[in-house]
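A short write-up of the structure that comes next.
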Amino acid sequence: MALGGTVAWWLAVELGARRPIFAALVPLVAMTGDPFAAVSVTLGRIVGVFAGVGIGIAFIHADVSSTARVALVLLVGTIGSVLLRVGSRPNLEVPIAGLFMLGVATSTAGRFGVQRIWETAIGGGVAILVSAFLWPPDPVRELRRQLDRLRRALVEDLTRIAADLATGAGETAEQMDAVRANSLDAVRDVFELASARQALRWSPLRRGDVPEVDELESRINLAARVYRHTRSIARDVTDVPVVDAKLAAATRDLTDAVDRLLTGADPSEPLGRAAAALDGSGSIVGVQLRQLLADLRASVEG
């Protein structure tokens, strides 16, 4: 971020700008937060500045009071920020750029708008080059971290359910909120997969990681599905407490199978034991466990 902002400032000064603060700001904004979104944030910021400058110039000479003029720019700018949003967030560059134009509402406003545009373009170009070539995000490393966190949480929650089925201790009920939170985290991780793949497309230095990203994406999707089953099983164990040694053994085997699948090992042996233990079980928990078993088998065969 520091390097990108400094280089953008230097380039703008070399091209004739006196204090190119907007050029230096773009890399700082674009390269913070989501490590996969630097390029999309940069492009969104540039488009937002173009739109905001146009809106500001359009209302500079409107025959209304200054307050009404600001209200109009903010109204049109915020609508534009939603239409030109970056990811799921409004592109606040649109109303901000419009307000800047009103703040310099003089005969030089048009010139200021042009300067704002080309300074932003310089900062955006530097941010793209730095994020793509010098410090590209590593989707593989980030996805591995997410998968490992999901795997550990799944094993912990399923192990607790197995212990409750074996002893009736009731720990699952106490941790139900945590299970729901973990399940929601898994869904969020799935939504972030698109950003990781987009970062891969924008980074020439990471193109060779495509096969590994595909594999990690498949495992994260599986982990999210397993968490959906886990949440349902935990809810049933909480609502209808049951002590059943066979169900406990099947849950332990399914936990082992999940762990193996998410680490790339062969889950055939624990899946076979779980299938034998669940054969003929008609309880609600048994039905839920068989659904989990079927999903795991489908992922192995697919």
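The values are calculated or read from the model by the stated rules, or taken from the named source; none is laboratory data. These numbers were taken from a predicted model, which means no experiment stands behind them. No Cβ is skipped: glycine too gets one built from the backbone with ideal geometry, and neighbour counts run over all protein chains shown. Side chains are part of the model used for accessible areas, which takes the heavy atoms of the whole protein and leaves out ligands, DNA and RNA. Shrake-Rupley method; radii C 1.70, N 1.55, O 1.52, S 1.80 Å.
Just checking, which of A265, A223 is under 17 Å from R144 (Cα atoms) and not in a helix (DSSP H, G or I)? None of the others qualify; the one that does is A265. Residue pairs whose Cβ atoms lie under 7 Å apart, separated by 6 or more positions or on different chains, with the first residue in segment 145-168 and open to solvent by less than 40 Å² (accessible area, probe 1.4 Å) and the second part of a helix (DSSP H, G or I) and aromatic (F, W, Y), are L154/Y227.
Cβ-Cβ distances below 7 Å connect the following pairs, each with a first residue in segment 130-141 that is β-branched (V, I, T), a second residue that is at pLDDT 75 or above and surrounded by fewer than 18 Cβ atoms within 10 Å (Cβ to Cβ), and a separation of six or more residues or different chains: V130/L3; V140/E212. Given the criteria surrounded by fewer than 17 Cβ atoms within 10 Å (Cβ to Cβ) and at pLDDT 90 or above, does E301 qualify? In short, no. For I284, all conditions in the list (1) open to solvent by 20 Å² or more (accessible area, probe 1.4 Å); (2) hydrophobic (A, V, I, L, M, F, W, C); (3) farther than 22 Å from T172 by Cα hold save one; what is the number of the exception? Condition (3) is where I284 drops out. For P211, the conditions (1) part of a helix (DSSP H, G or I); (2) of a type outside the set (G, A, S); (3) surrounded by 15 or more Cβ atoms within 10 Å (Cβ to Cβ) are fulfilled apart from (3).
Looking only at residues in segment 224-259 that are free of Cβ contacts under 8 Å to residues at least 60 places away in the same chain and closer than 16 Å to E156 by Cβ, the one that is nearest to the chain's Cα centre (by Cα) is R231. Residue count for segment 113-141, restricted to those that are at pLDDT below 80, under 29 Å from the mean Cα position of the chain (by Cα) and open to solvent by 80 Å² or more (accessible area, probe 1.4 Å): 3. Could you tell me whether G110 is farther than 21 Å from V13 by Cα, at pLDDT below 70 and not acidic (D, E)? When the stated conditions are applied, G110 does not pass them. Can you name the residue in segment 65-103 that is without any contact (Cβ under 8 Å) to a residue 24 or more places away in the chain and outside any helix (DSSP H, G or I) and is also surrounded by the fewest Cβ atoms within 10 Å (Cβ to Cβ) among such residues? Only one residue fits best here, namely S88.
Reported count of residues in segment 2-39, each being part of a loop (DSSP other than H, G, I, E, B), modelled with pLDDT of 75 or more and surrounded by fewer than 17 Cβ atoms within 10 Å (Cβ to Cβ), is 4.
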